[in-house]
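Trainee: Just passing along the structure, written as structure tokens.
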């Protein structure tokens with residue numbers, strides 16, 4: 001099954017962990033779409049391990065991972081996919097003068113699939129030291145499942161719209 005995902009595009013990252021809390025290691029694959037443009041978001045596929053040990057593709061989202069050029073001077077914005085039993089978090093960072101990070105936390109739901117349960121944004125202006133943080137939950141962004149998630153729907157490379165705090169040096 002992992003081979004069928006890889007044939008769709010070049011695999012850029014592989015993460016292994018138990019993302020549905022069943023005690024078996026699953027796989028998350030990040031890859032470019034088969035006909036990528038330089039600015040196209042990348043694909044994330046979730047492969048769950050069956051009791052037989054075989055991997056099965058259970059979800060594929062074409063617009064889950066920012067394209068490698070969205071990080072600005074910092075390069076590829078995909079820093080990691082953190083995994084915990086029953087959950088995973090996509091972390092992106094980028095910028096130049098203003099450095100930013102954003103995390104999207106997904107939790108496995110009993111009925112199957114994953115739901116976005118949190119978004120954490122942070123940014124710092126490296127010249128004047130102004131920084132801002134914002135945490136969002138489902139009451140802020142509504143019901144978002146992995147199937148309906150679009151990383152481009154979030155303003156990922158701007159200072160969060162919250163009261164900035166000055167970092168004293």
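Trainee: Could you please find all residues in region 132-145 being in contact with a strand residue (DSSP E or B) (Cβ under 8 Å, 6 or more places away or on another chain) and assigned to a helix (DSSP H, G or I)?
Mentor: Within region 132-145, 138, 140, 141 meet the criteria.
Trainee: With respect to residue 120, is the statement that it is surrounded by fewer than 20 Cβ atoms within 10 Å (Cβ to Cβ) and more than 17 Å from residue 40 (Cα to Cα) true?
Mentor: The answer is yes for residue 120.
Trainee: Residue 148 - would you say it is assigned to a strand (DSSP E or B) and over 11 Å from the mean Cα position of the chain (by Cα)?
Mentor: No; evaluated as a whole, the condition is false for this residue.
Trainee: So residue 141 ticks every box in (1) surrounded by fewer than 17 Cβ atoms within 10 Å (Cβ to Cβ); (2) under 17 Å from the mean Cα position of the chain (by Cα); (3) at pLDDT 90 or above but one. Which box is left unticked?
Mentor: Condition (3) is where residue 141 drops out.
Trainee: Quick one: in region 80-99, of everything that is free of Cβ contacts under 8 Å to residues at least 60 places away in the same chain and over 14 Å from residue 44 (Cβ atoms), which residue is nearest to the chain's Cα centre (by Cα)?
Mentor: 93
Trainee: When region 42-92 is examined, which residues are found to be farther than 21 Å from residue 10 by Cα and crowded, with 22+ Cβ neighbours inside 10 Å?
Mentor: 88
The values are calculated or read from the model by the stated rules, or taken from the named source; none is laboratory data. A quick note: this is a predicted structure, and the numbers were derived from the prediction, not measured. Don't worry about glycine lacking a Cβ; one is built from the backbone with ideal geometry, like all the others, and counts go over all protein chains shown.
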